[in-house]
1. So T84 passes all but one of these: (1) among the hydroxyl-bearing types (S, T, Y); (2) assigned to a helix (DSSP H, G or I); (3) open to solvent by less than 40 Å² (accessible area, probe 1.4 Å). Which condition number does it fail?
2. L14: assigned to a helix (DSSP H, G or I) and either of a type in the set (S, T, Y) or out of contact with any strand residue (DSSP E or B) (no Cβ under 9 Å at 6 or more places or on another chain) (or both), yes or no?
3. Take the residues in the range 92-115 that are part of a helix (DSSP H, G or I) and open to solvent by 80 Å² or more (accessible area, probe 1.4 Å), then tell me which one is nearest to C66 (Cα to Cα).
4. Cβ contacts < 6 Å: first residue farther than 13 Å from C66 by Cα, restricted to the range 78-91; second residue surrounded by 11 or more Cβ atoms within 10 Å (Cβ to Cβ), any location; separation 6+ or different chain. Result?
5. Which residue pairs have Cβ atoms under 9 Å apart, sit 6 or more places apart or on different chains, and have a first residue in the range 95-116 that is on the phi > 0 side of the Ramachandran plot and a second that is in a loop (DSSP other than H, G, I, E, B) and open to solvent by less than 70 Å² (accessible area, probe 1.4 Å)?
6. Could you count how many residues in the range 34-54 are surrounded by 13 or more Cβ atoms within 10 Å (Cβ to Cβ) and part of a helix (DSSP H, G or I)?
7. Among the residues of the range 1-13 satisfying the criterion of being open to solvent by 20 Å² or more (accessible area, probe 1.4 Å) and touching a residue at least 40 places away in the same chain (Cβ under 8 Å), which is farthest from L109 (Cα to Cα)?
8. Does the range 14-24 hold any residues that are out of contact with any Ser or Thr (no Cβ under 6 Å at 6 or more places or on another chain) and surrounded by 18 or more Cβ atoms within 10 Å (Cβ to Cβ), and which are they?
Amino acid sequence: MSFEARKEAALKELKEAGISEINSKPPALLFLWWLCLKARPFHYNSFSRNALFMGLGFTAFWAPLCWFLQLYSFNMPLTHFVTTVVVVGCVFGLAMGINYKFTARKHNLSEWDELETNTG
């Protein structure tokens, strides 16, 4: 089964499970698809993949924004800022990894490789 067919089967399963479109197709995922990357809907990724992607992605956008808009004016030492960024990025990544894994189990979603037989 091609990626596109599997992606459509996954989106159909998410919709049938009652998961809202903003949760099944968040802006980060739409951006990855816009870049023509074959990214799975986050509910079908492993916990570690989601935690790593979300943590790094959040940190990449949040850190510069925070530094230039707020923390720079506080004259915060760079080491303190980096430590804060790493901790917040890790917490966010873990929280999102748990969220997607919990939601997938709660709604009894198929595994990515099983979508072909269940909905295809």
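The values are calculated or read from the model by the stated rules, or taken from the named source; none is laboratory data. In this text the structure is predicted, and so the values were computed from the model without any measurement. Counting neighbours? That spans all protein chains shown, and the Cβs are built from the backbone with ideal geometry, glycine included. Note: areas computed on protein heavy atoms with side chains; ligands, DNA, RNA excluded. Shrake-Rupley method; radii C 1.70, N 1.55, O 1.52, S 1.80 Å.
1. Checking T84 against (1) among the hydroxyl-bearing types (S, T, Y); (2) assigned to a helix (DSSP H, G or I); (3) open to solvent by less than 40 Å² (accessible area, probe 1.4 Å), the one that fails is (3).
2. For L14, the condition - assigned to a helix (DSSP H, G or I) and either of a type in the set (S, T, Y) or out of contact with any strand residue (DSSP E or B) (no Cβ under 9 Å at 6 or more places or on another chain) (or both) - is met.
3. Taking the candidates together, the pick is L94.
4. These pairs meet every condition: C90/G55.
5. N108/A17
6. The total comes to 10.
7. Applying the first criterion (open to solvent by 20 Å² or more (accessible area, probe 1.4 Å)) to the range 1-13 yields 1-8, 11-13.
Still in the running and touching a residue at least 40 places away in the same chain (Cβ under 8 Å): 1, 5-6, 12-13.
Values: M1: 18, A5: 17, R6: 13, K12: 11, E13: 7 Å.
Once the filter is applied, the top-ranked residue is M1.
8. Residues satisfying the conditions are I19, S24.
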